[in-house]
Amino acid sequence: MSARLGLRANARQFALLVVINALVGSLVGLERSVLPFVGEQDFQLHTTLAVLSFVVAFGVAKALTNLAAGALADRAGRKRLLVLGWLIALPIPLVIGLAPSWWWIVAANVLLGLNQGLAWSMTVVMKIDLAGPRRRGLALGLNEAAGYIGVAITAFASAALAATYAPRTVVWVGAAVIAAAGLFLTVFVRDTAAHAQLDVSPEPPNRRVLRSCRQAGLVNNLNDALAWGLVPLYLAAHGASVKQIGAVAAVYPVIWGVGQLGTGWLSDTTGRKWLIALGMVVQAGALTLLVAGSGAFAPAMAAASLLGLGTALVYPTLLAAVSDASGLERPREIGIYRFWRDSGFVVGALLAGTAADAASPTTAILIVAALTALSGLVVAATPFYSPPTERSRNARHRLSVRTPA
């Protein structure tokens, strides 16, 4: 059967990839509420930077894998890299469950970073291949929504279960189930290289837009590293219970995930630039609210909600903007963008850990808020393309490709 572009024409494969990416997100979500406490309680870590070492390991591994995956997508095949990502995930539960020291947990997060870099990158590239230019933002919104709803569900569930069971047990048992399910479903995925050949832009990459997107992606994930590693400890220090911390950790990716269902579509019709700039400013405001509330539960929930909204505005829109600006080099440029974006985990963990240990967690959060606002101003000052609906109509005319909705 010949390849056709569009969400309806590829509904089954697209839906399968959505489910798979929900599992990819669920695997990382297991750690978001409870792993910092495993470091403090099981392994007696006494500095914030030591606790956040697992985020650094994850970020380095994921960023470098993104870079490699983008370059290898056309040569090795999308499906092969997706399968490899799930095979790498299989030892993670064993390493976490048997860990005699914290460095085993760090090693498990290297494997997790490899899994995320391969599996999540390929779901992104394959959905872009299937959707075509007209529904690119919507396709990426659906992909990222599935992933971060998965993050939210397992973040909340792991925190709730950790009130009854050992946190480390919750993580490794959940990881075993998710990794097996992800590998099984990936067997039924078809490669999308033929679809990619139908959606090739003759325009050269727009380097200025790509640079602007890379810095915004890095700062966005700098925020995420803070939310993942430092915020649970910050809330605990202000008297929050494990369930309250789990609720805060879950509401952020829930709104992030669900919001992307609308923001991805919106960017297809209104353009990318101002959604990105607005999202960065909203994130900065959310972090400022967290500090202004002094770690109290109600302001923390409001801050997490705003942080989720700001990230929803940014996340699929940045990916779509990179796809718009990449020309003939789309898989490679997506890999480079995701390298810089996920380097934000490393920068964020090192910055937050160092600032929290040298000054205070409050100082660390305010520094990140200032950097986030500055990043939004950089995007606002960058000339982006005209709204993608106009460009996609021109592209369809040039390529004579029928692109169903």
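The values are calculated or read from the model by the stated rules, or taken from the named source; none is laboratory data. This is a predicted model, so every value here is computed, not measured. Virtual Cβ from ideal backbone geometry, glycine too; neighbours counted across all protein chains shown.
Report, by residue number, each residue of the range 348-365 that is surrounded by fewer than 18 Cβ atoms within 10 Å (Cβ to Cβ) and of a type outside the set (Asp, Glu). Scanning the range 348-365 gives 354, 358, 359, 360, 362, 363.
Being modelled with pLDDT of 90 or more, assigned to a helix (DSSP H, G or I) and out of contact with any Leu (no Cβ under 8 Å at 6 or more places or on another chain) holds for only one residue in 395, 321, 364, 369, and it is 321. Filtering the range 7-49 to residues that are out of contact with any helix residue (DSSP H, G or I) (no Cβ under 7 Å at 6 or more places or on another chain), closer than 23 Å to residue 261 by Cα and part of a loop (DSSP other than H, G, I, E, B) leaves 8, 9. The residues of the range 23-44 that are over 14 Å from the mean Cα position of the chain (by Cα), crowded, with 23+ Cβ neighbours inside 10 Å and among the hydrophobic types (A, V, I, L, M, F, W, C), listed by number, are 30, 34, 35, 38.
Picking from residues in the range 99-149 that are within 15 Å of the chain's Cα centre (by Cα) and of a type in the set (Phe, Trp, Tyr), the one that is surrounded by the most Cβ atoms within 10 Å (Cβ to Cβ) is 148. Picking from residues in the range 150-169 that are over 9 Å from residue 250 (Cβ atoms) and out of contact with any helix residue (DSSP H, G or I) (no Cβ under 7 Å at 6 or more places or on another chain), the one that is surrounded by the fewest Cβ atoms within 10 Å (Cβ to Cβ) is 164. Residues in the range 8-21 that are of a type in the set (A, V, I, L, M) and surrounded by 23 or more Cβ atoms within 10 Å (Cβ to Cβ): 17, 20.
Of all residues in the range 65-84, which are more than 15 Å from residue 322 (Cβ to Cβ) and either in contact with a Phe, Trp or Tyr (Cβ under 7 Å, 6 or more places away or on another chain) or outside any helix (DSSP H, G or I) (or both)? Matches in the range 65-84: 77 only.
Screening the candidates 405, 352 for the property of being outside any helix (DSSP H, G or I), over 15 Å from residue 274 (Cβ atoms) and at pLDDT below 90 yields one hit, 405. Specify the residue that is surrounded by the fewest Cβ atoms within 10 Å (Cβ to Cβ); the eligible residues are those in the range 372-392 that are modelled with pLDDT under 90 and assigned to a helix (DSSP H, G or I). In this case the residue turns out to be 390. Within the range 216-227, the set of residues being under 12 Å from the mean Cα position of the chain (by Cα) and not small (Gly, Ala, Ser) comprises 218, 220, 221, 222, 223, 224. Is it true that some residue in the range 170-191 is crowded, with 22+ Cβ neighbours inside 10 Å and acidic (Asp, Glu)? There is no residue in the range 170-191 that is crowded, with 22+ Cβ neighbours inside 10 Å and acidic (Asp, Glu).
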